[in-house]
Amino acid sequence: MTKISGETAVRNQGSPINKTYQLFIDGQWVDAVSGKTFKSYNPATGKLNAVVAEAGTEDVDLAVKAARKAFESGPWATMSPSDRGRLLNKVVQALWSKVDFLAEVETRDNGLPINETKHIAIPGTIDVLEFYAGLANKVQGETLSSPPDRLNYTLKEPLGVIGAIIPWNFPLMLTMWKLAPALATGNTIVIKPAEETPISTLELVKIFQEAGIPDGVINVVPGYGKVAGDALANHPDVDKVAFTGSTETGRIIMQAAGKNLKPVSLELGGKSPNIVFDDANVENAVNGSLFGIYFGQGQVCASGTRLFVQEGIYDEFMEKFLEKAKKIRVGNPSDESTQMGPQVSLKQLERIEKYVEIGIKEGAELLTGGTRTTDVGEGHFFTPTIFGNVTNDMTIAREEIFGPVLSVIKFKDEADVLEKANDTIYGLAAGVWTENLKRGHRMAKKLQAGTVYINTFSMLDSVAPFGGTKQSGFGRELGMQALDMFTETKHVWVDLNDEHFNWYGV
């Protein structure tokens, strides 16, 4: 590794365009051992964002060793939980002062509209850190009920070195979902950001460094999944892997981690049902369902991509829904008037186009969209797309597209829609729109999903656990439940007798 000076490290406070970023290992900004770099592009313009050091297997090993050292010795290992919380709160305050800057970086990195990064993604990211900073000194074991001659109690201890593999759709937010609870509970971490969106995570860790995070506690190794990601998942000295991404990659992560029998948490794909009953407030259901599919350009694992509308209100609902969908402003994500930005890459754009072709071929009716748009520049822009006359066995209703493509399906009654909604390999989220209180709770119990929304969709809160069932993964991020993913329980048994019993009588 080559240590560089503070002046030439990642110190820019302005636009990140055409900057050079390095790996962050053991508190130092360093080149990759191989000297390799890769290029990161702005998906809205196709222009170069930055040149980034490309981590390989050797770099991941160095990062894991640094994290192990920081966990077992040095200031992090001896820091009290309250001091950890105060340090994390110091970072919180620094992040709040840089919301506009981080929003710009995230928008240039992955194409989210600036209003979504500035008012949703970045504040949501900071809120997560603030939540877990407050929990740092509240991770507690318990004293167990025991007879007078013994004492039983438990300790909640950090796992050790966490390997975090991050997707490209919400880089900062999903990094923080792992980073904040991991640090609050005393772990150290090695982060592998997606190769499409490495910049915002590198800017984030710079803020942690400036706030005084000890060397080796956070390490960032941008690079390609098949090299750096694979090395991190396979590393024998990583104590747990936390992954968000596709179900296909999740299977690979599990296989890699299984070689060393390390725990894994997976937040994977989805094909979430969004159900509108005929007694719903139609205006609210239309507005909420638009957000549920088109927020983040549809590149959201929990998107309500299967919209089930009851027969009695289908025509009324679809007329209003189509009218509003056609008015969504697709454009330059740096423009505050833009409501939907570009897809993250040409590869993702071509994937969406393939699914549109399949939908048409299988007999679905393309009601609007389904094409690229070049009206706003050279980026990877796709129009809000809606398919009608979809049946639940069509490919576009079965497979995750991860784009602004909605499949609309009619249903007759509660039993009919429950059967169709649960007929999927996924189970991440579901939505129900109804004014019938009993029906809403009844559906929430019967829908197979980690989160069920009633009269809303795609909402998140730091206090509320988030995760999936079936092939949408396992484990819960956010909320108190996430603390369990980064700690292990140790049982201590104390014999209070003056003499131990002599079982063998000899």
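Please treat every number below as a calculation from the coordinates, not as lab data. Source: prediction; values computed, not measured. All Cβ positions, glycine included, derive from the backbone under ideal geometry; neighbour counts span all protein chains shown.
Working from the pairwise distances between different alpha carbons, so that the mean of 1/r is found and then inverted, what is segment 267-399's Kirkwood radius in Å?
15.5 Å
Would you pull out the residues with amide H under 5 Å of Ala32's amide H, same chain only if 5 or more places away, H placed 1.01 Å from N?
Amide H neighbours of Ala32, under 5 Å, 5+ apart: Leu23, Glu54.
Can you match percent of Cα pairs over 41 Å apart to one of these, [x] 23; [y] 27; [z] 33, based on a calculation from the structure here?
Looking at percent of Cα pairs over 41 Å apart for this model, the match is [x].
So what's the angle, to the nearest 10 degrees on a 0 to 90 scale, between helix 247-258 and the longest Cα principal axis of the chain?
Its long axis makes an angle of about 20 degrees.
Using the Cβ atoms and a cut-off under 13 Å, what net charge is assigned to the surroundings of Gly288, where Lys and Arg are +1 and Asp and Glu are -1?
+1
Below 15 angstrom from the Cβ of Phe38, what's the summed charge of the other residues (Lys, Arg +1; Asp, Glu -1)?
Residues near Phe38 contribute 0 overall.
Counting DSSP beta bridges with both partners in the chain, what percentage is antiparallel, nearest 5?
Bridges in the chain that DSSP calls antiparallel: roughly 40 percent.
What are the semi-axes of the equivalent ellipsoid for segment 202-318, taken as the square roots of 5 times the Cα gyration tensor eigenvalues, largest first, in whole Å?
41, 20, 11
Where Rh is the Kirkwood radius over the Cα pairs of segment 135-226, the temperature 25 °C and the viscosity 0.890 mPa s, what D in µm²/s does Stokes-Einstein return?
163 µm²/s
Can you order the peptides 434-440, 281-287 by their average number of other Cβ atoms within 10 Å per residue, highest first?
Descending mean neighbour count gives 281-287, 434-440.
Please give the charge dipole size of the chain, origin at the Cα centre, charges +1 on K and R Cβ atoms and -1 on D and E Cβ atoms. Round to the nearest 20 debye.
400 debye
Select from Val64, Leu496, Leu129 the residue farthest towards the positive end of the dipole of the chain; place +1 on Cβ of Lys and Arg, -1 on Cβ of Asp and Glu, and compute about the Cα centre.
The residue sitting most towards the positive pole is Val64.
As a test of the formula, what do you get for the chain when each DSSP H run with n ≥ 4 contributes -39,500 (n - 2.57) and the sum is divided by the residue count, at 222 nm and rounded to the nearest 500 deg cm²/dmol?
When only DSSP H runs of four or more count, the value is -10000 deg cm²/dmol.
Does anyone have the angle between helix 171-184 and the longest principal axis of the chain? Alpha-carbon axes, 0 to 90°, nearest 10?
30 degrees
What are the residues whose amide H is under 5 Å from the amide H of Leu367, where those residues sit 5 or more places off or on another chain and H is modelled from the backbone?
Excluding prolines and chain starts, which carry no amide H, the hits are Ile386, Phe387, Gly388.
Expressed as a rounded percentage, what relative contact order does segment 298-405 have, with Cα pairs under 8 Å and six or more residues apart?
Reported as a whole number, the value is 29 percent.
Over every pair of different alpha-carbon atoms in segment 403-463, take the mean of 1/r and invert it; report that Kirkwood radius in Å.
12.7 Å
Beta carbons within 10 angstrom, averaged per residue: use that to sort the peptides 217-227, 257-267, highest first.
Answer by packing, highest mean first, reads 217-227, 257-267.
With N set to the residue count of segment 6-154, report its C-alpha Rg divided by 2.2 N^0.38 Å to two decimal places.
1.40
Hey, can you rank 401-408, 351-358 by average C-beta count inside 10 Å, highest first?
In descending order of packing, they fall as 401-408, 351-358.
Quick one: 3J(HN,Hα) in Hz for segment 40-46, Karplus 6.51/-1.76/1.60 with θ = phi - 60°, rounded, Gly and Pro as x.
3J(HN,Hα) across segment 40-46, in whole Hz: 10, 10, 6, x, 7, 10, x.
Using the eigenvalues of the Cα gyration tensor, what equivalent ellipsoid semi-axes result for segment 373-506 when each is taken as the square root of five times the eigenvalue, whole Å, largest first?
Square roots of five times the eigenvalues give 47, 22, 15 Å.
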